[in-house]
Amino acid sequence: MLTKKQKQQSAMILDQIYANGPIARVELSRKLGITPATLTEITHYLLDRKVIYEVGEDTDDYHVGRKKILLDITPQYAYFLGIEFYHNFFSMCITDNKGTVFAQQVVEFSPEELNVNFTWTRILNTLASFREQHAQFTLTSIGFSLPGFLDSENKVLVTDHPFWNSLNLTDFENAVDLPVYFAPLTNSLAIAQRIFSTETAIDDFIFLHIRNKIVTAYMKDGQLVENQTPYVAELGHTTSNPQGEVCSCGKRGCLHTYSSEEAILRKSKMIYEVSANSFFHNIVKDQSQIDMNAFIKAYRLGDDATMTIIKNAMKYLAITLENLTMMIDINHIYVHGTLFNTPEFTDILNNSLAENSSPYRKLHRLNYTLVPYKQINGAISACAHSVRETIIHGF
């Protein structure tokens, strides 16, 4: 058995192997400040339990003498089920402990059908059917990516959406036969970026998620900074234009009123109603059918109003990103949302970032990566959160 101190060190070691593996023991010792003797003892413990394995010799090591043996995470060591809740769908997937997806399902419905379709009975029945179809996978735990701040003590969501606020997570927890781990969606996405990504790991970054809400998660020294106060990560309700329109929160000119999908679609529906010349009339039969796909089509057809909407959305997002990195010492920002699956929109963001860049950027360039959006991303990220709880912090 590991001591309490060794368990903490084990979590550090596993995190590093996830983030930077395959990696040699000497490199782990140097990065983490753990003595070679202690590190050897802990890695032997993890090897015995087959959560990690020895890959082989480091072929890039050209030094004379004994070759370094690399360590990596054992794939298919355990399996996890992840779920994301959203206002017009819920998604499920099964991954192994390295993020490989073996099964997935997305259940869609209109926002108006939320109260009818999204009930614990519906979720449990769908979940039971999904698990039965994929019974060959022995699940370790269930992870949830949630659309709001989690009050972990009372197991309830804290959000401005009235439906989600009425959702008691304990009801679900008591109805299933596996450990359940809940986390705000953006936190889960940041964890997945850290441990499931094939890219070189970055220790300090912000993960920015944009859909109907604009929220962030902050990774510092490879560890998630978990907020204890509701709305502290709600970047959408920071002021971008003090003379702007009134936001639902009561302030003027919040980023949410320009760059969120909710704001973009609300303005698009207004255009449909007031402008007979809008290209939306050629795309949909009535304003209730306007979604992001319709918005993109109107933009590509040359609709002037949609061009103005997206230019403002990217301009104020660029200003916010610039301000954010002037206040927080980070190496990178990951930006995730359906908007950025459209190349024309990402070009506008790049141009806006260049136009609004601080003169100090000559010394320190803003680095950011656009993460492609898929409906299943939140469910995969929920699995990452479960991996963090049951494997990285589980020994």
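Could you check the range 168-190 and list, in sequence order, the residues that are in contact with a strand residue (DSSP E or B) (Cβ under 8 Å, 6 or more places away or on another chain) and either among the acidic types (Asp, Glu) or not assigned by TED's automatic domain parsing to the domain that holds residue 153 (or both)? Across the range 168-190, the qualifying residue is only 173.
Taken together, the residues in the range 262-290 that are farther than 15 Å from residue 301 by Cα and out of contact with any Ser or Thr (no Cβ under 7 Å at 6 or more places or on another chain) amount to 16. Taking the range 310-350 as the region of interest, how many residues are more than 23 Å from residue 242 (Cβ to Cβ), among the aliphatic types (A, V, I, L, M) and not in a helix (DSSP H, G or I)? Final tally of qualifying residues: 3. You will find that of 116, 107, the residue that is at pLDDT below 85, assigned by TED's automatic domain parsing to the domain that holds residue 385 and touching a Lys or Arg at 6+ places or on another chain (Cβ under 9 Å) is 116 and no other.
Counting the residues of the range 204-228 that are crowded, with 17+ Cβ neighbours inside 10 Å and more than 20 Å from residue 377 (Cα to Cα) gives 2. When the range 1-45 is filtered for residues that are among the small types (Gly, Ala, Ser) and touching a Pro at 6+ places or on another chain (Cβ under 8 Å), only 29 remains.
Could we say that residue 192 is in contact with a Gly (Cβ under 9 Å, 6 or more places away or on another chain) and in a loop (DSSP other than H, G, I, E, B) here? No. For first residues located in the range 97-114 and under 24 Å from residue 134 (Cα atoms), partners that are exposed (fewer than 15 other Cβ atoms within 10 Å of the Cβ) and lie 6+ apart or on another chain with Cβ distances below 7 Å form the pairs 98/75; 100/75.
Residues that are in contact with an Asp or Glu (Cβ under 9 Å, 6 or more places away or on another chain), of a type in the set (Phe, Trp, Tyr) and assigned to a loop (DSSP other than H, G, I, E, B): does the range 266-274 have at least one? Scanning the range 266-274, I find no residue that is in contact with an Asp or Glu (Cβ under 9 Å, 6 or more places away or on another chain), of a type in the set (Phe, Trp, Tyr) and assigned to a loop (DSSP other than H, G, I, E, B), so the answer is no.
Right, residue 144: under 22 Å from the mean Cα position of the chain (by Cα) and under 22 Å from residue 76 (Cα atoms) or not? Judged against the criteria, residue 144 is a match. Can you find a residue that is assigned to a strand (DSSP E or B), at pLDDT below 95 and β-branched (Val, Ile, Thr) anywhere in the range 91-99? So far as the range 91-99 goes, no, none of its residues is assigned to a strand (DSSP E or B), at pLDDT below 95 and β-branched (Val, Ile, Thr).
Taking (1) touching a Leu at 6+ places or on another chain (Cβ under 8 Å); (2) of a type in the set (S, T, N, Q); (3) crowded, with 18+ Cβ neighbours inside 10 Å in turn, residue 88 satisfies each apart from (3). Collect the residues in the range 144-189 that are in a helix (DSSP H, G or I), within 21 Å of residue 233 (Cα to Cα) and in contact (Cβ under 8 Å) with a residue 40 or more places away in the chain, keeping them in residue-number order. Residues satisfying the conditions are 163, 164, 185, 186, 187, 188, 189. Selection of the range 246-285 for residues being surrounded by fewer than 15 Cβ atoms within 10 Å (Cβ to Cβ), closer than 22 Å to residue 304 by Cβ and of a type in the set (A, V, I, L, M) yields 270, 274, 276.
The values are calculated or read from the model by the stated rules, or taken from the named source; none is laboratory data. Owing to the predicted nature of the structure, the values given are computational and were not obtained by experimental measurement. Please note: Cβ atoms are built from the backbone with ideal geometry, for glycine as well, and neighbour counts cover all protein chains shown.
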